[in-house]
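A quick write-up on the structure given underneath.
The values are calculated or read from the model by the stated rules, or taken from the named source; none is laboratory data. Not measured: the values here are computed from a predicted model. All Cβ positions, glycine included, derive from the backbone under ideal geometry; neighbour counts span all protein chains shown. SASA here: full protein model, heavy atoms, side chains in, ligands and nucleic acids out. Shrake-Rupley method; radii C 1.70, N 1.55, O 1.52, S 1.80 Å.
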Amino acid sequence: MAAANCARWLREDGGEGSILLVGREPDPPYNRPPLSKGYLQGKESREDTLFRPDEWWDEQNIELLRRTSVMKLDTAERVATLSTKDEIEFGNALVATGANVKRLRVDGCDLDGIHYLRALANSDAIRAEAATRKRAVMIGGSYIGCEVAASLTAAHGVDCTIVMMEDVTFESFFGDEVGRFFQNVLEEHGVTVHGGQELDHFEGDGERVTRVVTKDGLELECDFVVVGIGVTPDVTLARAAGLEIGEAGGVRCSAGLESSVPGIFAAGDICEYDSPIHGAPMRIEHWDVAFNQGKTAALNMLDRGIEHDVVPYFFSDLADWASMEYVGPGSGEPVVRGSMEQHDFTAFYVDDGRVKAALTVGRSDDLEHARRFITEHTQVDPPALADPSTDLGSL
Ligand SMILES: Cc1cc2nc3c(=O)[nH]c(=O)nc-3n(C[C@H](O)[C@H](O)[C@H](O)COP(=O)(O)OP(=O)(O)OC[C@H]3O[C@@H](n4cnc5c(N)ncnc54)[C@H](O)[C@@H]3O)c2cc1C
């Protein structure tokens, strides 16, 4: 996503040099969010997920190489070596290698029917399971686990169970109260949730997974499993190229997204940049961040000298049961405005009298104010924030 939007903005902002986008996947750049939502539900087609239609790349004079890896980046000689053995000279480069899913290493982890979700083919494989099998267990109670459980239940009638270490879904991101709201939504629609449970092992019939067993001895019969336990930034190429790696495991970048080597930029899931908004290094795994950082990197390749000062934004849907939007990241005491019961609320996360983040269900307009509070470090009065009669614009 970051690389595609970077290529787009290089052209859109007048870049006339040659542009080569190298990706190891078989598909052209596409949006991953539908893979656990509309695409998994069968509501969106493969074409719908694409960043741009196939002909667009030629029209823009952007060369696109699929099924091709960059094996080496020589930052001194400015040469990229590809898996095809071609050596490509470049002036500027963007490294946007994304993230890899974390994998479980427990007994039975190699059984058939255990899925991870990152690429289109993974979503296809899960959908194929849902067409013929009826009971699924999700390992992990965060975005992937919850979104997939909702999609499989709503669109395919699969009987879904979530097993997670947290006590309530999304707890580590949004805290107990808001996390419980989403867990209630899932449970009201028939998803079973087991919190405070650590996976011990999988059991099978010799070939396929048939049972999930937790350390507490909970045993869940299943026909397939989807694991969503997080990702790690893929900095293999960047590290080998000698780019500085930060404490959050990403490529250490300036506020303009330039790495430790001038002219080499990073964006998206691997980018650990000096956030002018947060006043600290940040690495964020959101679609919107990858998209916007691709643009910032492009403009800076064109010597615009800008800082990446966009407040990170995130969205997620649990089928059509509930949608959330979030700006942040940051933690604090949630101050809730509106009604959770009516699916119409915003939780502002307040720390030391300042809004650090906000999550909304059904009140998108509140996020505009939250962005302003975050960027301007506004001192807010929690009771006024919670009072629906307060005009947020006046704060
Ligand atoms: C199922 C799913 C649902 C999601 N839903 C949401 C959501 O609702 N909201 C949200 O904000 N975010 C969501 N995300 C996260 C979002 O999609 C990512 O943050 C975003 O894709 C990151 O973009 P990126 O460009 O950094 O990396 P990626 O999109 O991962 O792209 C990196 C690409 O680089 C390739 N690559 C790696 N190394 C090399 C190499 N050496 N040579 C060539 N190619 C290489 C990879 O194969 C990959 O194709 C979701 C992610 C998934 C998987």
| note | Residue pairs qualifying under the 6 Å Cβ cut-off, at least six apart or on distinct chains, with the first in the stretch 6-25 being more than 23 Å from Leu120 (Cα to Cα) and the second being among the charged types (D, E, K, R), are Trp9/Lys295
| Of the residues Asp54, Asp74, Asp107, which single one is more than 9 Å from the ligand (Cβ to nearest atom), acidic (Asp, Glu) and open to solvent by less than 50 Å² (accessible area, probe 1.4 Å)? | Asp74
| field | From Arg8, Arg24, Arg46, residue being buried (at least 19 other Cβ atoms within 10 Å of the Cβ), at pLDDT 95 or above and of a type in the set (D, E, K, R) | value | Arg8
| Which numbered condition Ser323 misses (of (1) open to solvent by 50 Å² or more (accessible area, probe 1.4 Å); (2) assigned to a strand (DSSP E or B); (3) over 25 Å from Arg118 (Cβ atoms)) | (3)
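In the stretch 57-71, what count of residues is obtained for those that are of a type in the set (A, V, I, L, M) and surrounded by fewer than 17 Cβ atoms within 10 Å (Cβ to Cβ)?
Qualifying residue count for the region: 1.
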| remark: Taking the stretch 77-104 and keeping only residues that are near the ligand (Cβ under 10 Å from one of its atoms) and within 23 Å of Ala290 (Cα to Cα), one is left with Ala80, Leu94, Val95, Ala96, Thr97, Gly98, Ala99, Asn100, Val101
| request: Would you check if there is a residue in the stretch 48-58 being under 27 Å from Glu147 (Cβ atoms) and either in contact with a Cys (Cβ under 7 Å, 6 or more places away or on another chain) or assigned to a helix (DSSP H, G or I) (or both)? | output: yes
| message | It is to be established whether one or more residues within the stretch 273-290 are among the hydroxyl-bearing types (Ser, Thr, Tyr) and either part of a loop (DSSP other than H, G, I, E, B) or in contact with a helix residue (DSSP H, G or I) (Cβ under 9 Å, 6 or more places away or on another chain) (or both). | response | yes
| Here are some residues: Leu82, Leu120, Leu111, Leu65. Which one is over 27 Å from Phe315 (Cβ atoms), in contact with a Leu (Cβ under 8 Å, 6 or more places away or on another chain) and in contact (Cβ under 8 Å) with a residue 60 or more places away in the chain? | Leu82
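Let's see how each residue does on (1) under 25 Å from Trp287 (Cα atoms); (2) modelled with pLDDT under 95; (3) among the hydroxyl-bearing types (Ser, Thr, Tyr); (4) more than 24 Å from the chain's Cα centre (by Cα):
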| residue | (1), (2), (3), (4) |
| --- | --- |
| Gly38 | yes, no, no, no |
| Gln41 | yes, no, no, no |
| Gln60 | yes, no, no, yes |
| Arg66 | yes, no, no, no |
| Asp74 | no, no, no, yes |
| Thr81 | no, no, yes, yes |
| Quick one: is Val261 part of a loop (DSSP other than H, G, I, E, B), within 14 Å of the ligand (Cβ to nearest atom) and either under 24 Å from Leu237 (Cβ atoms) or open to solvent by less than 30 Å² (accessible area, probe 1.4 Å) (or both)? | no
| So Tyr30 fits all but one of (1) open to solvent by 20 Å² or more (accessible area, probe 1.4 Å); (2) touching a Leu at 6+ places or on another chain (Cβ under 6 Å); (3) closer than 23 Å to Asp124 by Cβ; what number is the exception? | (1)
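Residues checked against (1) within 13 Å of the ligand (Cβ to nearest atom); (2) free of Cβ contacts under 8 Å to residues at least 12 places away in the same chain:
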| position | (1), (2) |
| --- | --- |
| Gly228 | yes, no |
| Asp234 | yes, no |
| Arg239 | yes, yes |
| Gly242 | no, no |
| Ala248 | no, no |
| Ala266 | yes, no |
| Ile270 | yes, no |
| message | I'd like to check something: does the stretch 112-131 contain any residue that is farther than 19 Å from Asp159 by Cβ, more than 16 Å from the ligand (Cβ to nearest atom), modelled with pLDDT of 95 or more and over 19 Å from the mean Cα position of the chain (by Cα)? | response | yes
| remark: Reported set for the stretch 206-220 where residues are part of a loop (DSSP other than H, G, I, E, B) and either under 28 Å from the mean Cα position of the chain (by Cα) or among the acidic types (Asp, Glu) (or both) is Glu207, Asp216
| Check on Ala255, exposed (fewer than 15 other Cβ atoms within 10 Å of the Cβ), hydrophobic (A, V, I, L, M, F, W, C) and either without any contact (Cβ under 8 Å) to a residue 60 or more places away in the chain or out of contact with any helix residue (DSSP H, G or I) (no Cβ under 6 Å at 6 or more places or on another chain) (or both) | no
| query | Of (1) within 14 Å of the ligand (Cβ to nearest atom); (2) open to solvent by less than 40 Å² (accessible area, probe 1.4 Å); (3) without any contact (Cβ under 8 Å) to a residue 40 or more places away in the chain, Val310 satisfies all except one. Which? | reply | (2)
| query | Which ones in the stretch 221-250 are closer than 16 Å to His286 by Cα and in a strand (DSSP E or B)? | reply | Val231, Thr232, Pro233
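Limited to the stretch 116-147, what total is found for residues that are open to solvent by less than 30 Å² (accessible area, probe 1.4 Å) and within 18 Å of Leu220 (Cα to Cα)? Walk me through how you get there before you give the answer.
So in the stretch 116-147, the residues open to solvent by less than 30 Å² (accessible area, probe 1.4 Å) come out as 116-117, 119-120, 123, 126, 129-130, 136-142, 145-147.
The next check asks that each one be within 18 Å of Leu220 (Cα to Cα); those that pass are 129-130, 136-141, 145-146.
Total satisfying the criteria: 10.
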